[in-house]
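Note sheet for the following structure.
The values are calculated or read from the model by the stated rules, or taken from the named source; none is laboratory data. Remember, it's a predicted structure, so these values are computed and weren't measured experimentally. Glycine also receives a Cβ, built like all others from the backbone with ideal geometry; neighbour counts cover every protein chain displayed. Surface areas here come from the heavy atoms of the whole protein model, side chains and all, with no ligands, DNA or RNA. Shrake-Rupley method; radii C 1.70, N 1.55, O 1.52, S 1.80 Å.
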Amino acid sequence: MTRFSAWNVFWQGMSGQRGWSRQWRDPESKPHYDAVIVGGGLHGLATAYYLAKTYGLRNAAVLEKGWIGGGNAGRNTTIVRSNYARPGNRQFYEHSLKLWEELSHELNYNVMFSQRSHIALLHSPGAIDAAARNYNTLRRTGTPDAEIWGLEQLKQVVPHLNYAAGARFPVMGAAVQKRAGTARHDAVVWGYARAADQLGVDILQNCAVTGVERDGGRITALETTRGRITAGKVGFAVAGNTSRLWSMAGLGRLPIESHKLQAFVSEPLKPLLDQVMVFGMGGAHFYISQSDKGGMVFGGDLDWYTSYAQRGNLPIVQDVAEAAMSVMPCLGRVKLLRHWAGVVDMSMDGSHFICRTPLDNLYLNTGWNYGGFKATPAAGWWFADLIANGRPAPIIADFDLKRFERGLQIDERGAGPDPKLHG
Amino acid sequence: MTRISCPFCGPRDHAEFSYGGDGSITYPALEAPMQDWHDAVFLRENICGWQVETWQHLHGCRMWLKVERDTMTHEIRSVAPAHPGLAAALESGL
Ligand SMILES: Cc1cc2nc3c(=O)[nH]c(=O)nc-3n(C[C@H](O)[C@H](O)[C@H](O)COP(=O)(O)OP(=O)(O)OC[C@H]3O[C@@H](n4cnc5c(N)ncnc54)[C@H](O)[C@@H]3O)c2cc1C
Ligand SMILES: [Zn+2]
């Protein structure tokens, strides 16, 4: 594998780009691995990378039923931020953001992390007070770049929002995180895959787990479409498909539901929006950024009902278009290029699980709702730590399956135990 | 577009309805042990395939319905009033 460097790029440019090698191998599956991660999304690949890099676990594999990055890793709207206010979430996402800031160097792969600010619009004095409270908490606990902006400041930075007197949702200000932004999701997949592969991790694509063999309280082997694989330790990181794997392992019910979430990309435009902009009022929800190619990337709410189909419905298209028009009327004539859906694992309180399970050697990463892209580096980091050491570090100690029994809900939205309400 | 055949109003676009949730959950008695309540409130079968769920015909008759739906294909197999009394009334033609 060729390392990327300025010299290398220059040299390849001079010699017809013919000297690049494969980015990762396509190995035969071995009959046994010390650690097997099921799910070749971002979390699975990142976990395998840190397992190999930090804990020296090189006889490891990532099993992916399709192609790596074909799930939510390649379907999300790429927003990265750490402006979460609840204890636990705050520390976790800030750690993740710090890792993002070094990720391109860490992986020797340009993940195009762009810290262009995350601007959440505020529409009432109450919303401003609530945001100010959260953002003051952030500033006092290690996230210095959280700011509350008044209307004048916002108008200067984002001039083409609907500031009209008759606007359906008059804007009063914004909560802004400046170090937040976007990254190229495919590049993150390829970067982690390449780095993990280089450390000896086998990335097995077209390898679906179809059955789980158990010996009492342990998993002994996984049946896959590429043969039977025995494993010392097993990690599940399969996003919206966790309940299916969970029942293959004979484990009953989970505090999650699978829902689909749609995203949209417009035709490419000249530079229009240099930030990530988010709007949420009552039932309306909309977020938008502009990709480096010029496409407007945006989305809104879930489809409201549980689903395993990676395809969306039309009412949400209308919903999102309405929200877009009420906050950015200039989008009215822009043509939609594509839209698609991903299956996300919505948890009961809107927060994730990185935890041990009732089985001795099975570890679980799930419940990312629709915010798990930003979590990628920290999710991989702490899931690897959990798998390698067999115990949760303090930063993930509350993200276990038993927290509801203890009366703890890490409920960022205050929406209660109803998965479809946690955006 | 998915349609739901409301037993009271006939086939309607699913956008007229609001999704309630997993219809197989029965809530325990108020004085039931904490664990039973925990399980009913927080745990889900989360089936990939046929699932019984509740929907409300929000922009129609406002009745709650029990809908049998495939969560992979979104095909709907049966729709019935969620309230057994109403179901009985409907069947007896009253
Ligand atoms: C439309 C949309 C927009 C989003 N926007 C954002 C955003 O802006 N910011 C943000 O932070 N988050 C966002 N998210 C959420 C984020 O994408 C997810 O939380 C995150 O990607 C989940 O982790 P993952 O990448 O590991 O999952 P995935 O990429 O879905 O990985 C899971 C993998 O497991 C594989 N798998 C499943 N079953 C099996 C099996 N039996 N055997 C083998 N492999 C299996 C799947 O094929 C899949 O590749 C968005 C999600 C969607 C759908
Ligand atoms: Zn009706």
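Which strands (runs of 3 or more DSSP E) sit wholly inside the range A:240-315 and have at least 2 residues that are near ligand 1 (Cβ under 10 Å from one of its atoms) and within 23 Å of residue A:348 (Cβ to Cβ)?
So the answer is A:256-268, A:295-306.
In the range A:382-391, what residues are closer than 14 Å to residue A:352 by Cβ and either buried (at least 24 other Cβ atoms within 10 Å of the Cβ) or of a type in the set (Ser, Thr, Tyr) (or both)?
A:383
Collect the residues in the range B:54-72 that are assigned to a strand (DSSP E or B) and within 16 Å of ligand 2 (Cβ to nearest atom), keeping them in residue-number order.
B:54, B:55, B:56, B:64, B:65, B:66, B:67
Can you say whether residue A:153 is open to solvent by 50 Å² or more (accessible area, probe 1.4 Å), among the polar types (S, T, N, Q), more than 16 Å from ligand 2 (Cβ to nearest atom) and more than 14 Å from chain B (Cβ to nearest Cβ), as far as the supplied structure shows?
yes
Counting just the residues of the range A:38-55 that are in a helix (DSSP H, G or I) and in contact with a strand residue (DSSP E or B) (Cβ under 8 Å, 6 or more places away or on another chain), which one comes out farthest from ligand 2 (Cβ to nearest atom)?
The residue in question is A:52.
Would you pick out the residues in the range A:252-305 that are within 12 Å of chain B (Cβ to nearest Cβ), touching a Lys or Arg at 6+ places or on another chain (Cβ under 8 Å) and either closer than 19 Å to residue A:183 by Cα or crowded, with 17+ Cβ neighbours inside 10 Å (or both)?
Scanning the range A:252-305 gives A:254, A:255, A:256, A:257, A:259, A:260, A:302, A:303, A:304, A:305.
Could you list all residues from the range A:136-188 that are acidic (Asp, Glu) and not in a loop (DSSP other than H, G, I, E, B)?
Once the filter is applied, which keeps residues that are acidic (Asp, Glu) and not in a loop (DSSP other than H, G, I, E, B), the range A:136-188 yields A:147, A:152, A:186.
I'm told residue A:82 meets every condition in (1) surrounded by 23 or more Cβ atoms within 10 Å (Cβ to Cβ); (2) more than 12 Å from ligand 1 (Cβ to nearest atom); (3) more than 23 Å from residue A:201 (Cβ to Cβ); (4) not β-branched (Val, Ile, Thr) except one. Can you identify the failing condition by its number?
The failed condition is (2).
Residue check, residue B:60 against (1) more than 14 Å from chain A (Cβ to nearest Cβ); (2) open to solvent by 60 Å² or more (accessible area, probe 1.4 Å); (3) within 19 Å of residue A:314 (Cβ to Cβ), all met but one. Which one?
Residue B:60 satisfies all of (1) more than 14 Å from chain A (Cβ to nearest Cβ); (2) open to solvent by 60 Å² or more (accessible area, probe 1.4 Å); (3) within 19 Å of residue A:314 (Cβ to Cβ) except (2).
For residue A:350, are the conditions met, namely being within 16 Å of ligand 1 (Cβ to nearest atom), open to solvent by 10 Å² or more (accessible area, probe 1.4 Å) and closer than 17 Å to residue B:42 by Cα?
Judged against the criteria, residue A:350 is a match.
Of all the residues that make up the range B:73-94, how many are closer than 21 Å to residue A:307 by Cβ, touching a strand residue (DSSP E or B) at 6+ places or on another chain (Cβ under 9 Å) and more than 10 Å from ligand 2 (Cβ to nearest atom)?
So the count comes out to 6.
Could you list all residues from the range B:1-12 that are out of contact with any Asp or Glu (no Cβ under 8 Å at 6 or more places or on another chain), open to solvent by 50 Å² or more (accessible area, probe 1.4 Å) and without any contact (Cβ under 8 Å) to a residue 60 or more places away in the chain?
B:11, B:12, listed by residue number.
Out of A:382, A:340, A:368, which single residue is modelled with pLDDT of 95 or more and closer than 18 Å to residue A:254 by Cα?
Result of the check over A:382, A:340, A:368: A:368.
Can you find a residue in the range B:26-46 that is away from ligand 1 (no atom under 16 Å from the Cβ), under 17 Å from residue A:420 (Cα atoms), open to solvent by less than 40 Å² (accessible area, probe 1.4 Å) and among the polar types (S, T, N, Q)?
No, that holds for no residue.
Being within 16 Å of ligand 1 (Cβ to nearest atom), modelled with pLDDT of 95 or more and closer than 30 Å to residue A:287 by Cβ, is that true of even one residue in the range A:165-179?
There is at least one residue in the range A:165-179 that is within 16 Å of ligand 1 (Cβ to nearest atom), modelled with pLDDT of 95 or more and closer than 30 Å to residue A:287 by Cβ.
When you look at residue B:71, is it of a type in the set (Ser, Thr, Tyr), open to solvent by less than 50 Å² (accessible area, probe 1.4 Å) and away from ligand 1 (no atom under 16 Å from the Cβ), yes or no?
Considered against the rule, which asks whether it is of a type in the set (Ser, Thr, Tyr), open to solvent by less than 50 Å² (accessible area, probe 1.4 Å) and away from ligand 1 (no atom under 16 Å from the Cβ), residue B:71 comes out as no.
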